[in-house]
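The values are calculated or read from the model by the stated rules, or taken from the named source; none is laboratory data. Please read these numbers as outputs of a predicted model, since none were measured by experiment. Backbone-built Cβ (ideal geometry, glycine too); neighbour counts: all protein chains shown. SASA here: full protein model, heavy atoms, side chains in, ligands and nucleic acids out. Shrake-Rupley method; radii C 1.70, N 1.55, O 1.52, S 1.80 Å.
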Amino acid sequence: MGKHLSACWVLLWLHHQWVAGKTQVEQSPQSLVVHQGESCVLQCNYTVTPFNNLRWYKQDRGRAPVSLTVLKNKEEKTSRGRYSATLDADAKHSTLHITASLLDDAATYICVVAAPCSPET
């Protein structure tokens with residue numbers, strides 16, 4: 001029975017990005033336990049200006065990150081299988097929705113915000 005119970009949840013880790021000593025991208029919650037079959041929502045807030053695009057990645061332990069979505073427009077929604085994401089560029093906020101979670105969803109999720117290159121960067 002212990003093995004069955006341990007296979008009923010998914011642990012999600014989020015990653016914070018730091019730029020020049022200041023938090024530029026903040027994700028919440030920092031960690032999350034979700035029962036298999038349940039849905040969850042991950043949040044990403046950022047202060048990066050100007051904004052070029054926002055990307056959500058999934059990184060399995062010991063592996064390279066895999067892109068889940070790229071959001072470029074001011075207000076946008078995307079879907080890819082059980083993953084869907086929204087972007088509100090005015091509010092500088094994005095969400096990643098995972099529906100009907102599976103054990104394979106146990107990973108680190110990374111929100112990356114890109115800014116256009118300039119001579120100062």
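In the list Ala20, Ala114, Ala100, which residue meets the criterion of being at pLDDT below 95 and at positive phi? It would help to see each step written out before you state the result.
Working: Ala114 fails: at positive phi; Ala100 fails: at pLDDT below 95.
None of the others qualify; the one that does is Ala20.
Go through region 63-84 and give me each residue that's surrounded by fewer than 13 Cβ atoms within 10 Å (Cβ to Cβ) and within 28 Å of Gln36 (Cβ to Cβ). Before you say what the answer is, go through the steps one by one.
Restricting attention to region 63-84, the residues satisfying the condition of being surrounded by fewer than 13 Cβ atoms within 10 Å (Cβ to Cβ) are 63-64, 66-67, 73-75, 79-81.
Correct list: Arg63, Ala64, Val66, Ser67, Ser79, Arg80, Gly81.
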Checklist entry - Pick from Asp60, Asp105: which is open to solvent by less than 20 Å² (accessible area, probe 1.4 Å), in contact (Cβ under 8 Å) with a residue 40 or more places away in the chain and of a type in the set (Asp, Glu)? => result Asp105
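Consider region 90-102. How many of its residues are aliphatic (A, V, I, L, M) and either within 13 Å of Arg55 (Cα to Cα) or free of Cβ contacts under 8 Å to residues at least 12 places away in the same chain (or both)? I'd like the intermediate steps shown before the answer.
Taking region 90-102 and keeping what is aliphatic (A, V, I, L, M), we get 91, 96, 98, 100, 102.
Retained after the next criterion (residues that are either within 13 Å of Arg55 (Cα to Cα) or free of Cβ contacts under 8 Å to residues at least 12 places away in the same chain (or both)): 91, 96.
The qualifying residues number 2.
When you go through Leu87, Leu96 one by one, which is the residue that is more than 17 Å from Pro29 (Cβ to Cβ), among the hydrophobic types (A, V, I, L, M, F, W, C) and surrounded by 11 or more Cβ atoms within 10 Å (Cβ to Cβ)? Walk me through it before giving the result.
Details: Leu96 fails: more than 17 Å from Pro29 (Cβ to Cβ).
Exactly one of Leu87, Leu96 is more than 17 Å from Pro29 (Cβ to Cβ), among the hydrophobic types (A, V, I, L, M, F, W, C) and surrounded by 11 or more Cβ atoms within 10 Å (Cβ to Cβ), namely Leu87.
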